[in-house]
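K.L.:
Quick one: the structure is below, questions incoming.
Every number here is computed from the coordinates shown, using simple stated rules; none is lab data. Keep in mind the model is a prediction, meaning the values are calculated, not measured. Here Cβ is always computed from backbone atoms with ideal geometry, including for glycine, and neighbour counts include all displayed protein chains.
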Ligand code: ADP
């Protein structure tokens, strides 16, 4: 079972920490503010008041025994970067850090962050994508230009197999799953049918996704 450290218990950090804990994972939650630690103490395995930029304290907390750390110190960029550096130096294998902007993100990668996340920017993109197309139910950008989206299947596909629908040929899109109200068909076969009201989980380039939405 993986063990997680979450540093900085603002809105993002506390949501990460409580979600992991609710899934049964061991979570050590750290914040320098007493009230943040109090608030979360009944929901996670351990909650500790500590300054994460103090290397000795972090050593004492045994952070090197943890597999994954999430750094969610927001406004204080200096503390955010220093904490990342300390966690990597103490041997945490995978450190995920919340960044304010691209430049901050670049710097975090240089000091060893394994993954940089931009929660507000990413959520903004998702919300905007959901708003402009009523057909798009959810949307995740994989890499620039490529995304996974949940799209309500056009009635034009109803009753056709994936092969007949030819989404790959027409739109350059791969269908990862077909969902209906009862079940999710993960990794569907070419002979599987799309029915009226199905939701397609698709992956591909934005151009193809856009054309599919408008089809
Ligand atoms: P959000 O935008 O996700 O709400 P915030 O920036 O408001 O994030 O929250 C960051 C949290 O990080 C705060 O609870 C703050 O007390 C905590 N924090 C800031 N500096 C340190 C530090 N050096 N060590 C531990 N926690 C810190």
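K.L.:
Need one word for the chain: rounded, prolate or oblate. Basis is the Cα gyration tensor (sqrt eigenvalues a ≥ b ≥ c); a/c below 1.5 gives rounded, then a/b vs b/c decides.
P.N.:
Verdict is prolate for the chain.
K.L.:
Compute the label zone of residue 185 within the range 198-215: residues whose backbone N is under 12 Å from the point 7 Å along Cα-to-Cβ.
P.N.:
It comes to 198-201, nothing else.
K.L.:
Label 7 Å along Cα→Cβ of residue 3; the range 14-40 residues with amide nitrogen under 16 Å?
P.N.:
Those under the cut-off are 21, 24-30.
K.L.:
Hey, what angle do you get for helix 11-22 against the long axis of the chain, alpha-carbon based, 0 to 90 degrees rounded to 10?
P.N.:
80
K.L.:
Among 113-123, 4-14, 61-71, what's the highest-first ranking by average C-beta atoms within 10 angstrom per residue?
P.N.:
Highest mean packing first, the order is 4-14, 61-71, 113-123.
K.L.:
Further, regarding this structure: Can you tell me the 0 to 90 degree angle between the C-alpha axis of helix 77-89 and the longest principal axis of the chain, rounded to 10?
P.N.:
Helix 77-89 sits at roughly 90 degrees to that axis.
K.L.:
Would any residue of the range 197-215 have its amide N under 19 Å from a label point 7 Å out along Cα→Cβ of residue 132? List them or say none.
P.N.:
Answer for this model: 202-215.
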